[in-house]
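Reviewing the structure listed below.
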Amino acid sequence: MKTLLFFLIFLHLLGTSSTVYKQWIPNTNFENASNWDRGQVPCAKDVVLFGRSEVVSVFVQSPHTLTEMHIPLNGEFIMAPGAAFTAFDGNQDPGCETGSEVTFASTGNYQWYDPTLWHAASSLENLERGKYTFSVDEERVPCQYDDVLFQPETSFRVDIESSEQMIQLRSISIMGQKFTSDDTLSEYMQRPSAKLQFQGQATFRLSNARCPDKTGCECGNTADHHRICAALLQSSENQCPVPTCKDPLRPIGHCCEICGAIVSLDYSAGFDMELYQARIVHTFLSLSKNAGIQMAMSKVHKPQTFLGIGSRSTVPFIQIVLIDNGTGVQIGTRAEQLAKDIMSDVAEHGESFGIVTGHLQSATGSNWSAQGAGSSVGAAVAGPVLGLLLVLLILGIVLLLYRKGALRSIPSISFSSLWKRKEDPESFQDTSDKGFENPMFDTPSNPAALAGACSVEETPMEKPSKSSRLYYINPLYDETELNA
Ligand SMILES: *[C@@H]1O[C@H](CO)[C@@H](O)[C@H](O)[C@H]1NC(C)=O
């Protein structure tokens, strides 16, 4: 209880809350130099051109003197107090000796679902300070319980075309006005300004509510995954950058493969997303050795077509994506280490946080164990226990048969011949003598290290032993692996 209280206080201090703010980046402001083809705001001798058919809303912050301006048929200027356009009267304008044609170049084809056009932060303060959060691509655009911000004193134009024809949000702020109800927003959306700002068929639904489920809420952008990834990769012809690690990982909700680690957690009703997130931040991410590691934690569903299993309904789980700033062979190694630390923590304290099992995958620039380095608390526990039971059962039967004399009558076919195939001749003798040993006894207690168990078996240092053979044939272990 004390720890719980501590974390709640900590949570408060951190300013962490389930609320996420997403701020639209581009603007169509007159004073924004990057909105002009010359990369410079027009000056007095310039002739200003807006495309005839361009549909724009342009915010003008200050007074401008211009020689000539061609305005679009369908558009608006939003003039801040004090802003104005005046005709050039022939007086010198320092820095504007030669006039030229300047074209407003804001393409206007910015999409709502483009992850590169949003900043995400856990508080308004963080947003202001540029402390943005890292997340999978689907969650870089506004999620269903997010607060969306279009900065005050900025004009914009965004294409809100959506697969579901509807965009769910907690609230939306436009030009300094915050909307929290569908009624007031739909009123606003009827205005000519809104028609210039928002293009496309979708409508907004505002809940004005936080995620009601303390185990977390899904972002809700899965239906637009393709749209999101197409927008993200439009400048690279739909090509993801090639990851520089072996067997890179594909986090759910992300467009491209990554190097690093993914921890997947099955949770129970007692799980509290915020609390657990705070624990990871406090216990691990804040350590100096973990500086430069980025974490994205979210509730996700396995894609429905996962492994072709079809429409079998899937249970949501918690996905923790970890990436680091390592390069070359170092890439992903620190993320992997952190993931292992988290797995140990799950093994030790997971239950008190409502975590049932954990599963680790990693891909780094260096290691080989990255391939299929999956392990789970479930397997780690179930493996040895079931293995032990199996061995005890076999031993029991052997003992029973032996006592009853049954075994003696079956001359030495026994178990040794069963093992013979995979064995060097000298060691099989002692196999039959000493009976069986549970291979799992030697398994390191750290569940994350279990992944290495498979490779141990292949290392030349390890003489072929009974353990490795038994490990091979243990069908129960494999089964748990599959299910994990
Ligand atoms: C200017 O506009 C560009 C593109 O719309 C945007 O990325 C940038 O943040 C804007 N700069 C300012 C200072 O508003």
Residues satisfying the stated conditions in segment 87-116, i.e. surrounded by fewer than 19 Cβ atoms within 10 Å (Cβ to Cβ) and modelled with pLDDT of 90 or more: 101, 103, 116
Identify the single condition in (1) under 27 Å from residue 225 (Cα atoms); (2) within 16 Å of the ligand (Cβ to nearest atom) that residue 58 does not satisfy, given that it satisfies every other one. (1)
For segment 110-120, check the following and say yes or no: at least one residue is more than 15 Å from the ligand (Cβ to nearest atom), within 30 Å of residue 261 (Cβ to Cβ) and either among the charged types (D, E, K, R) or out of contact with any helix residue (DSSP H, G or I) (no Cβ under 7 Å at 6 or more places or on another chain) (or both). yes
Out of all the residues in segment 35-43, is one or more away from the ligand (no atom under 16 Å from the Cβ), surrounded by fewer than 15 Cβ atoms within 10 Å (Cβ to Cβ) and over 30 Å from residue 123 (Cα atoms)? no
Out of the residues in segment 91-103 meeting the condition of being more than 16 Å from the ligand (Cβ to nearest atom) and in contact with a strand residue (DSSP E or B) (Cβ under 8 Å, 6 or more places away or on another chain), tell me which one is farthest from residue 139 (Cα to Cα). 93
Looking at 34, 57 in this structure, which one is hydroxyl-bearing (Ser, Thr, Tyr) and more than 21 Å from residue 195 (Cα to Cα)? 34
From (1) out of contact with any helix residue (DSSP H, G or I) (no Cβ under 7 Å at 6 or more places or on another chain); (2) farther than 30 Å from residue 338 by Cβ; (3) buried (at least 21 other Cβ atoms within 10 Å of the Cβ), pick out the condition that doesn't hold for residue 190. (3)
Got at least one residue in segment 215-235 being within 30 Å of residue 83 (Cα to Cα) and in contact with a Lys or Arg (Cβ under 8 Å, 6 or more places away or on another chain)? no
When residue 31 is run through (1) more than 12 Å from the ligand (Cβ to nearest atom); (2) within 24 Å of residue 173 (Cα to Cα); (3) outside any strand (DSSP E or B), the failure sits at (1)
Looking at (1) within 16 Å of the ligand (Cβ to nearest atom); (2) outside any loop (DSSP other than H, G, I, E, B); (3) not hydrophobic (A, V, I, L, M, F, W, C), which is the one condition that is false for residue 106? (2)
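The values are calculated or read from the model by the stated rules, or taken from the named source; none is laboratory data. The model shown is predicted, which means the values in this text are computed figures rather than measured ones. Note that we place each Cβ from the backbone using ideal geometry, even for glycine, and neighbour counts take in every protein chain shown.
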